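Working notes for the structure below.
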Amino acid sequence: NGLSGVSRKGACRGCASHYYSFTDLAVAGALSLPSGAVAVSGNAWNDHEWGSANLERGVVGWDWFSVQLAGGRELMLYVLRRADGSAIPQSSGTLVDSTGRSSFLSLSKFSVTPLGSWPSPHSHAQYPAAWRIRLPSYRAELTIAPLLADQEFDATHSTGGYYWEGACSVTGSFGGKPVGGYGYTELTGYAPNRRQ
């Protein structure tokens, strides 16, 4: 992800990470349930990022999306948010086509619009309830919706705050044709961090 595997997190020199994704891994195994083992199989996404972990001053959190679309395309996007909700210019993404070729997406190539809001009964934060992602040059418009609204994670005993991450469904169009899929979304900075 990023340019030559370097993912920018701001204009400052140390605001970057090395970042790669394996977006289409075959998975097979078994779930052990009280009623017995159940065979499972599917596709997985593995992300690995390391570096300074520095964000540009003024960034309060991020919205991060990993999407697997029918037909073999995968999409990763992140929007680094300021307090007023605007995105810093270094927000970016990666599109992987059905042959496995990846393309860097600068912020000018996509938009992410929150749809509605979900009030957490735990942290009392207001999270987006869904999102619309547009990639005009690919004639793509996708709606990302959580499979379950309450996927908030209580990390107050480790990182000091709450964040939301969970499984989502994807509907919409790509290249002007209907498409569906699944994704995973991570949201930070919506609930106050007790360690700040």
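The values are calculated or read from the model by the stated rules, or taken from the named source; none is laboratory data. This is a predicted model, so every value here is computed, not measured. We place every Cβ from the backbone using ideal geometry, glycine too, and count neighbours over all the protein chains shown. Surface areas here come from the heavy atoms of the whole protein model, side chains and all, with no ligands, DNA or RNA. Shrake-Rupley method; radii C 1.70, N 1.55, O 1.52, S 1.80 Å.
Worth a mention:
- The stretch 90-141 and the stretch 142-195: distance between their alpha carbon centers, rounded to Å: 10 Å
- Rg(Cα) / (2.2 N^0.38 Å) computed for the chain, rounded to two decimals: 1.06
- Charge dipole (debye, nearest 20) of the stretch 1-117; +1 at Cβ of Lys and Arg, -1 at Cβ of Asp and Glu: 360 debye
- Given charges at beta-carbon only (K, R positive; D, E negative), |dipole| of the chain in Debye: 620 debye
- Rounded to the nearest whole angstrom, the semi-axes of the ellipsoid equivalent to the stretch 1-79, taken from the Cα gyration tensor as √(5λ), stand at 33, 15, 12, largest first.
- P(r) tail fraction, the stretch 112-196 - alpha-carbon pairs more than 21 Å apart, %: 36 percent
- Just the protein heavy atoms count here, and of the accessible area of the stretch 60-196 at 1.4 Å, carbon and sulfur take up 54 percent.
- Distances between placed amide hydrogens fall under 5 Å for A125 paired with S120, all partners being 5 or more residues away or on another chain.
- Those Cys residues of the chain for which no other cysteine Cβ falls under 4.7 Å: C168
- Taking a sphere under 10 Å around the Cβ of T185 and counting the other residues whose Cβ falls inside, with K and R at +1 and D and E at -1, yields a net charge of -3.
- Peptides ranked, highest mean first, by Cβ atoms within 10 Å: ranges 182-191, 27-36, 96-105, 3-12: 182-191, 3-12, 96-105, 27-36
- Over the chain, relative contact order from alpha-carbon pairs under 8 Å, at least 6 apart, %: 16 percent
- 3J(HN,Hα) along the stretch 75-89, derived from phi through the Karplus expression 6.51 cos²θ - 1.76 cosθ + 1.60 where θ = phi - 60°, amounts to 9, 10, 9, 9, 10, 8, 9, 8, 4, 7, x, 6, 9, 6, x Hz, with x in place of Gly and Pro.
- Heavy-atom accessible area per residue - the chain, 1.4 Å, Å²: 55 Å²
- Positive-end ranking of P178, A167, F153 along the dipole of the stretch 127-196, with charges on Cβ about the Cα centre, is headed by P178.
- Only alpha carbons enter this Debye calculation for the stretch 18-63, each as an equal point scatterer, and the log10 of I(q)/I(0) it gives at q = 0.18, 0.21, 0.26 Å⁻¹ is -0.74, -0.82, -0.98.
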